[in-house]
Amino acid sequence: MSETLNIRAAEFVKSAVRPQHYPPEELPEVAFAGRSNVGKSSLINCLVQRKKLVRVSQTPGLTQTLNFFLINGSFHLVDLPGYGYAKVPVSVQSQWGTMVESYLTTRRTLRGMVHIMDVRHPPTPDDLQLWHWIRDRGIPVVPVLTKADKISTNKRASHRVQAAASLSIDPAEIVMFSSTTRMGREELLARLQEWLAGP
Ligand code: GTP
Ligand code: MG
């Protein structure tokens with residue numbers, strides 16, 4: 001077993017929409033995806049132990065770009081814009097598809113994706129669509145159920161089992177997470193470490 005990833009430095013690199021504006025493909029990368037307002041930016045802030053590295057939104061659906069962060073000078077975390085926010089116009093939703101799909105299919109340095117879902121609700125049709133899409137392409141993915149602080153321990157256990165059934169995976173694959181209490185932080189860092197340490 002490798003040691004848990006120790007995050008010493010984190011900085012914003014850039015926002016990008018089109019592949020020609022992404023940073024060069026020089027460092028391994030992990031992307032974070034999930035529904036709008038699910039807690040992606042909070043989760044990244046929690047991982048890197050910085051309150052405001054990534055802007056946490058009061059208004060969901062505002063992040064419409066890919067945001068690249070450099071960690072320890074050695075890899076990137078990428079905050080993907082959230083999907084599934086009903087108030088976003090259909091034209092913007094289809095831009096989301098194009099932007100995220102071209103990133104996930106073309107990025108040669110992508111080591112894996114963290115798929116963030118809300119522990120309080122079963123995976124939505126949008127969640128399942130992205131989940132199957134990413135699995136079909138053989139991209140490594142860790143499913144995370146976040147906002148775990150919002151439900152009881154008993155419910156966490158039963159929601160884990162239900163989500164696993166819906167995603168067709170073993171319940172142990174799921175990381176239970178809370179950006180508020182930092183539950184799951186070490187476990188998720190260990191998973192990322194495996195990807196980043198790989199060849
Ligand atoms: P978009 O960028 O708009 O797609 O949202 P996001 O997925 O980045 O969510 P964000 O991190 O901005 O969080 C949305 C709201 O949920 C904020 O009010 C956060 O404070 C809250 N939140 C996020 N994670 C947690 C958590 O683990 N526990 C609790 N209690 N609240 C959380
Ligand atoms: Mg965000």
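The values are calculated or read from the model by the stated rules, or taken from the named source; none is laboratory data. Keep in mind the model is a prediction, meaning the values are calculated, not measured. FYI the Cβ positions are ideal-geometry reconstructions off the backbone, even for glycines, and counts take in every protein chain you see. These area figures cover heavy atoms from the full protein model, side chains too; ligands, DNA and RNA do not enter into them. Shrake-Rupley method; radii C 1.70, N 1.55, O 1.52, S 1.80 Å.
So here's what we get for this one:
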{"quantity": "Charge sum, other residues only, whose C-beta stays under 11 Å from residue 54's C-beta, Lys/Arg counted +1 and Asp/Glu -1", "calculated": "+4"}
{"quantity": "Neighbour net charge for residue 160 - beta-carbon separation under 14 angstrom, K R +1, D E -1", "calculated": "0"}
{"quantity": "DSSP-defined beta bridges in the chain - what % are antiparallel, rounded to 5", "calculated": "35"}
{"quantity": "The chain: calculated mean residue ellipticity at 222 nm from DSSP helix runs of at least 4, using -39500 (n - 2.57)", "calculated": "-10500 deg cm²/dmol"}
{"quantity": "Amide H contacts under 5 Å for residue 114, placed H, 5+ residues apart", "calculated": "31, 32, 33, 142"}
{"quantity": "Computed FRET value (nearest 0.05) for residue 106 with residue 128, which takes r as the C-beta separation and R₀ as 25 Å", "calculated": "0.60"}
{"quantity": "Highest-first arrangement of 118-131, 15-28, where packing means the average Cβ count within 10 Å", "calculated": "118-131, 15-28"}
{"quantity": "Prolate/oblate/rounded label for the chain (Cα gyration tensor, a/c 1.5)", "calculated": "rounded"}
{"quantity": "Accessible carbon and sulfur surface of the stretch 135-199 relative to its total accessible area, %, 1.4 Å", "calculated": "49"}
{"quantity": "Segment residue 158-residue 49, length gained on full extension (0.36 nm per residue, minus Cα span)", "calculated": "36.3 nm"}
{"quantity": "Accessible surface, the chain, averaged per residue in Å² (probe 1.4 Å)", "calculated": "51"}
